[in-house]
Amino acid sequence: MEYFGTRAILLFFILFGGLSTRLSWAGEIKGKVTVQGIRSAGNIAVDAEAIPGKNFDPPAQHAVIDQKKMTFIPHVMIVVKGTTVDFLNSDRVGHNVYWPSVSGNKKLAHNLGTWPQGVKKSFQFNDLGAASLLCNVHLEMSGYVVVVSTPYFAVTDKEGTFEIENVPSGHYTLKTWSEEGKPVTLAVDASSGTVNVELTVKK
């Protein structure tokens, strides 16, 4: 009995001790984005750019963008390449979803069509860049899907703050995307702790 008890204890430490060590390698990047010449520091996408030789599988669970009260919710969504996004219509009127380009590339334009309340349509985003979402039924509607190469990303709140969790230790380049501002990059060395950064986005 003592032999099996010892083996159980060893197995516990191998499994959970190893897990603890792996988790200790991951940290977080917290930041604040300020803006100059644009309306808001909110809805700015921030991601830790590509890790050489490393590819990431998309999540099995679909992301969801709703169309509610004539608005894309959320206005800005950031996803890792290969993610499938479900577009839901919660309004009583029909909605259309299309994007004329991805980061200016008109060859990547796509139209999902028009559908009624309670119905959803899905699309897998396999091209990096920002897809500008529009509705040809309601011209005032707009939104964005920003496709990036790693799962280490966040979207700023209305105060411009963001937090990227579970970032493995290493050297990264943070990059911003915003509806009105120019991209900003910043080199960051992530560790097992918290890295605090400040970014300024200009028009």
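The values are calculated or read from the model by the stated rules, or taken from the named source; none is laboratory data. Just so it is clear, the structure is predicted and the values come from calculations on it, not from any experiment. Cβ coordinates were reconstructed from backbone atoms using ideal geometry, including for glycine residues, and neighbour counts include every protein chain displayed. What goes into the accessible areas is simple: the full protein's heavy atoms, side chains included, and nothing from ligands, DNA or RNA. Shrake-Rupley method; radii C 1.70, N 1.55, O 1.52, S 1.80 Å.
Greater than 30 Å separation of Cα atoms is the criterion. Which listed pairs, 30/69; 30/203; 68/106; 32/121, meet it? Could the numbers behind the result be given before it?
Details: 30/69 32 Å; 30/203 23 Å; 68/106 27 Å; 32/121 35 Å.
Too far apart for the 30 Å limit: 30/69; 32/121.
Solvent-accessible area of segment 23-77 (1.4 angstrom probe, protein heavy atoms only): carbon and sulfur portion equals 55 percent.
In this view, the solvent-accessible surface of residue 115, computed with a 1.4 Å probe and all protein chains in place, comes to about 10 Å².
Per-residue 3J(HN,Hα) values for segment 32-39, derived from phi via the Karplus relation 6.51 cos²θ - 1.76 cosθ + 1.60 with θ = phi - 60°, read 9, 9, 10, 10, 9, x, 10, 5 Hz in sequence order (x marks Gly and Pro).
Across segment 136-152, coupling constants 3J(HN,Hα) worked out from phi with the 6.51/-1.76/1.60 Karplus curve, θ = phi - 60°, read 7, 8, 10, 5, 7, 7, 7, x, 8, 10, 9, 9, 10, 9, 10, x, 9 Hz, and Gly and Pro carry x. Taking a point 7 Å out from the Cα of residue 157 in the direction of its Cβ, the residues of segment 186-203 whose backbone N falls within less than 18 Å of it are 195-199. Placing a label point 7 Å from the Cα of residue 173 along the Cα-to-Cβ direction, the residues of segment 144-163 whose backbone N falls under 18 Å of that point are 147-154. Over all distinct Cα-Cα pairs of the chain, the Kirkwood formula returns a hydrodynamic radius of 18.9 Å. A simple count of charges around residue 200, restricted to other residues whose Cβ falls under 13 Å of its Cβ and scoring Lys, Arg +1 and Asp, Glu -1, yields +3. Couplings 3J(HN,Hα) for segment 163-170, derived from phi with the Karplus relation 6.51 cos²θ - 1.76 cosθ + 1.60 (θ = phi - 60°), are 8, 10, 9, 6, 8, x, 4, x Hz, where x marks Gly and Pro. Surface calculation, 1.4 Å probe, protein heavy atoms: residue 103 sits at approximately 80 Å² accessible.
Net charge around residue 40, counting only other residues with Cβ within less than 13 Å of its Cβ (Lys, Arg = +1; Asp, Glu = -1)? List each step's numbers first, then the result.
On the way: positive: 39, 158, 203; negative: 157, 159, 179, 180.
Value of the local net charge: -1.
Given the -39500 (n - 2.57) contribution per DSSP H run of 4+ residues, what per-residue ellipticity at 222 nm results for the chain, rounded to the nearest 500 deg cm²/dmol?
Details: 2 runs with 18 residues, N = 203.
Using -39500 (n - 2.57) per qualifying helix, the result is -2500 deg cm²/dmol.
Remark: the residue 68-residue 137 segment gains 23.5 nm on full extension, using 0.36 nm per residue and subtracting the alpha carbon distance.
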